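Before any comments, here is the structure.
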C-alpha cells in the first residue's frame with residue numbers, strides 16, 4: 001500500500017471523525033458526568049442567640065459531602081449533606097450548675113449548581129436538616145434530635161481539575177436552618193472525584 | 001450574572017428578616033403625665049364608672065358603643081370590633097383623668113389615648129358618690145406614639161344589665177391571655193401574662209400544662225422548644241425531654257420570662273390576681289395526672305385559706321386523659337373539665353363540660369349539665385359575630401377566647 | 001523496515017490536499033458546532049416571549065416556602081408541588097395555567113397574556129384568576145376555605161442565547177374568601193387588596209435541551225393560601241419567600 005494512499009485514508013478518517021463528533025449532539029462535547037465532592041474547613045456560627053449569647057463558642061470544623069449529576073451544560077443537580085457544630089454554650093449561671101449545651105446539624109439538601117465561568121460555580125439548595133442538641137452539667141447528660149424542615153444553602157466555589165477525574169478547590173457557603181432561625185457560614189477545601 | 005444571584009440571595013435574607021416582630025409596643029404617655037399628680041379612685045367610685053357608653057366622636061375606629069369595666073389594676077374599654085383600651089385613672093379634686101393606650105387585637109394598630117371627666121359631667125358624682133350626672137368622657141386618641149390628636153368622646157348610656165352584672169360568666173383567656181402572634185407585650189403561659197390578662201377583660205385563664213423529665217409540671221404550649229415561644233437558646237426538641245434544672249438554666253420565654261412551674265403559676269394567680277377560674281389544659285397526661293391533681297388540691301386549699309373564690313379544673317381533652325384521670329384514687333371528687341361527651345362528663349363527675357364551639361350551641365345538652373349542677377364552657381371562639389351569637393343565644397357559663405375584650409363587650413352589653 | 005514517514009517524505013502533491021482537508025474538516029466541525037442552534041426563547045416558560053401558536057408546554061417542580069413565625073404554629077411544613085402550563089395563541093396572546101398543591105390546600109389559576117419583544121428584551125402583561133380550596137382536619141376540627149383571587153401581572157425578561165432571566169410582579173386581590181369550621185361559616189370577606197409578589201426566574205438547559213427553571217419569589221400578603229385557613233383572625237401583611245425548582249417537561 002503506498003504511502004500516499006495511507007496518508008489520504010488517515011486524513012479522511014480524521015476529518016469524518018471530527019465532523020461526526022460535532023454533529024453527534026447540539027453541544028460541543030458530550031459531558032454527562034457524576035461527581036462526589038468532600039469538603040472540610042472552618043465553620044462559623046453567626047451568633048443570634050439571646051440566652052447565653054456571650055458565652056457561646058461559635059467556631060468549629062465542618063465537613064460536607066456532595067453528590068452531583070453534571071450534564072453537558074452549565075447546571076448540575078445534586079444532593080448535599082455534612083456535619084457542622086453550630087455552637088457550644090455555657091449556662092448563664094455556669095458558676096453554680098456547670099451547665100453546657102451544644103447544637104450541631106446534619107443538613108440534607110437538594111442542590112442546584114451553575115458554572116459561571118471556567119471552574120467558578122454558584123449554587124443554592126433547600127431541604128431538611130437534623131438538629132442535634134446536647135446538654136450536660138445541669139442534671140443528667142441528654143441528647144435530643146429535631147428535624148428542621150425549611151433549610152437553605154447559598155455557596156460559591158472554585159473547583160480546578162487536576163486530572164480527568166480528580167478536582168480540588170475551595171468553597172464559601174452560607175446555610176440557614178429554619179427550625180431555629182440559625183445562620184452559619186463555612187470556608188472549605190474541597191476534593192472531588194469525577195466519573 | 002453572579003451579581004444578580006448574589007443580589008437576590010441578599011434580598012431573600014432581607015425578606016426572611018422582615019417577619020421577626022413579636023410585639024406591638026405599648027405607647028407610653030411619658031414622664032410628664034398628669035397622672036403623677038392625681039389620686040386614685042375608691043372602689044365605689046370605680047363602680048360608678050362601669051357601664052355601656054355611646055361613642056360620640058371616634059366611632060369610625062371604635063364603633064358606636066363601648067363598655068367600660070374596671071379590673072384589678074386598670075380601667076378597660078372594650079369595643080365590638082376587636083379594639084380595646086387600657087387606661088390608668090386618677091382624680092384631681094373632682095376632675096377625673098384617664099391616660100393609656102388603645103390597641104387593635106386583630107392587627108397591629110395602636111396609639112395613645114388621653115381623656116378626662118369634667119367636674120360637671122360626672123366628675124363630682126363619681127368622686128363624691130352623690131348626685132345624678134351623666135358621665136361624659138372627653139379626650140383624644142392618636143396613632144402609634146404620636147400625641148393624641150383625634151377627638152374621642154364617650155357618653156354613658158346605662159349601667160350593665162342585671163343579667164350581665166349578676167351572672168357569673170367566665171371570660172377565659174386562652175394561654176392565660178393570648179398567643180405570641182397576638183403581639184402582646186408579655187409571653188403566653190407566663191406569670192407576666194397572668195398578671196396582665198385582667199386588663200384585657202379576662203376573669204379566668206386557660207393554661208397549658210406539660211411535665212419535665214423529672215416530673216415537675218410546668219406551663220408551655222408547643223410540643224417542642226422553639227423560637228415561636230422562647231428566646232433563641234441552645235435547647236431544642238420536646239420540652240419534656242429536659243429536666244426542670246435544664247429548662248430553668250437555658251430557656252427564657254419570648255419576652256425574657258422564665259417558664260413557670262404549675263405551682264408557681266397557681267400560687268401567683270391566687271395571691272396576686274382576682275381571676276376566678278383556671279383551666280389546666282393537659283398537653284401530656286400519661287403519668288402526670290396524679291402529680292397535677294395533687295398540686296391542684298393543694299392550691300385549692302391555699303385559695304380557701306385566703307378566702308379566694310376560685311375554680312381550678314384539670315382538663316380532659318382526650319379519652320387517654322380520661323383514663324389517666326380514672327387511675328387517680330378518688331377521681332370523682334377531683335374538679336375537672338371534660339371536652340368529650342356529656343356521658344364522659346358523668347363518668348368522671350366533671351365539674352365542667354367544655355365542647356369545642358364548632359359543635360354548635362347545644363343548648364339542650366348545656367341545660368342538662370346545668371340541671372346536674374355542672375358548668376358548661378366552649379372553646380376557642382374568636383370571631384366577633386360568633387361570640388355575639390354564643391353569648392346572646394347560648395347558655396354557656398363562659399367562653400374561652402384569644403380576644404377576651406370582645407367577649408367582655410358582648411357579655412356586658414346584654415340587656 | 002523503512003519508516004512510513006520521514007521528515008521531508010510527505011509528497012508535495014499531498015500537502016495542498018492535506019491543507020484542504022484540514023480546513024474543510026475544521027469548517028465542517030465549526031459548522032457542526034454552530035449547529036448547536038439551541039435558543040432559550042422557544043423552550044422557556046417564565047420568560048415572557050411569544051409562545052408558539054397552538055403550542056403547549058408544561059413544567060413541574062417543587063416550591064420551598066418559609067412561612068412566617070405567626071403561622072408556624074400549625075403550618076404544614078412541606079414543599080409545595082407546582083405544575084405550570086402555557087398554551088400559545090395568535091396575535092401575541094397566550095394562556096397560562098398553574099396548579100399548586102400542598103394537599104390540604106390547593107390553588108388553580110388560569111389567565112391570558114399578551115407579549116412584546118424588542119431585541120433581547122421581552123415583556124408581557126396578564127391577568128390570572130385563581131381558585132383555592134383547602135381542607136384541614138385536626139383534633140376533630142373540619143376547617144375549609146374557598147377563595148377566588150385575581151392576579152394582574154407584569155413580566156420583564158432579558159435573554160442571552162442559552163439563558164433567560166425574568167422579573168415578574170403581580171398584585172393580589174381577593175374577590176371572595178369563605179372560611180368554615182365544623183360546618184359553621186367563620187368568615188366571609190370580599191373584594192380586598194391582599195398584597196403583591198415579586199419573583200425572579202432563571203431558565204437554562206440542565207440536560208440535553210431540557211430546560212430547568214430556578215425561581216426566587218417574595219409573597220407580601222395578608223392571606224397566603226397554603227396557610228390561611230389555620231388562622232382566621234390575623235389582619236397583617238407578611239413576607240413569605242419561596243424558592244422554586246422546576247423542570248420543563
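All Cα-Cα separations within the stretch A:69-195 were binned at 5 Å from zero, giving a P(r) of 2, 10, 17, 19, 15, 12, 9, 7, 5, 3, 2, 0, 0, each value a whole percent of the pairs.
If R0 is taken as 30 Å, the Cβ-Cβ distance between residue B:346 and residue B:298 corresponds to a FRET efficiency of 0.65. What the Cβ-Cβ distance of residue B:44 and residue C:173 gives, at R0 = 56 Å and to the nearest 0.05, is a FRET efficiency of 0.55.
Sorting B:53, C:116 by the number of Cβ atoms found within 10 Å of their own Cβ, with the fewest placed first, yields C:116, B:53. Residue by residue along B:348-360, Cβ atoms of other protein chains within 10 Å of the local Cβ number 2 on average. If you bin every alpha carbon distance in the stretch B:34-159 into 10 Å steps from zero, what whole percent lands in each bin? P(r) over the stretch B:34-159, rounded to whole percents: 14, 50, 31, 5, 0. The spread of Cα positions in the stretch B:173-233, taken along each principal axis and listed from longest to shortest, comes to 35, 24, 15 Å.
Based on alpha carbons, the Rg and Dmax found for the stretch C:56-248 are 17.5, 59 Å. Helix-only mean residue ellipticity at 222 nm, the protein assembly as shown, DSSP H runs n ≥ 4 weighted -39,500 (n - 2.57), per residue, nearest 500. What is it? The helix contribution divided over the protein assembly as shown gives -5500 deg cm²/dmol.
Label-to-label distance, residue A:116 versus residue B:59, with points set 7 angstrom from Cα along the beta-carbon direction: 6.3 nm. Working note: Cα gyration tensor of the stretch A:41-96, eigenvalues times five, square-rooted, sorted largest first, giving semi-axes of 37, 10, 8 Å. For chain B, the spread of Cα coordinates along the three principal axes comes to 75, 64, 38 Å, biggest extent given first. All distinct Cα pairs of the protein assembly as shown go into the 1/r average, and the inverse of that average, the Kirkwood radius, is 31.6 Å. Once Rh for the stretch C:120-229 is found with the Kirkwood sum over Cα pairs, what is the Stokes-Einstein diffusion coefficient at 20 °C and 1.002 mPa s, in µm²/s? Answer from the Stokes-Einstein relation: 133 µm²/s.
Geometric descriptor of the stretch B:261-414, per residue, is 122 Å³ (volume of the convex hull of the Cα atoms).
Label-to-label distance for residue A:106 and residue C:208 is 3.7 nm, based on points extended 7 Å past Cα in the beta-carbon direction. Placing a label point 7 Å from the Cα of residue A:140 along the Cα-to-Cβ line, the residues of the stretch B:240-271 whose backbone N sits under 15 Å from it are B:240-247.
Can you compute the label reach from residue B:276? Point 7 Å from Cα along the Cβ direction, backbone N cut-off under 14 Å, restricted to the stretch B:155-177. Residues B:163-172 qualify, since their backbone N sits under 14 Å from the label point.
Remark: mean inter-chain Cβ contacts per residue of A:97-104 equal 3, using a 10 Å Cβ-Cβ cutoff to other protein chain atoms.
How much length, in nm to one decimal, is gained on full extension between residue B:161 and residue B:326, taken as 0.36 nm per residue of separation minus their Cα-Cα distance?
Length gained, residue B:161 through residue B:326: 55.2 nm.
Going 7 Å from the Cα of residue B:138 in the Cα-to-Cβ direction, what parts of the stretch B:47-72 have a backbone nitrogen less than 15 Å from that spot? In the stretch B:47-72, the label zone of residue B:138 (backbone N under 15 Å from the point 7 Å along Cα→Cβ) covers B:56-58.
Read the figures in this text as sums done on the coordinates, not as results from a lab. Source: prediction; values computed, not measured. Because the Cβ atoms are built from the backbone with ideal geometry, glycine has one as well, and the counts that use them run over all protein chains shown.
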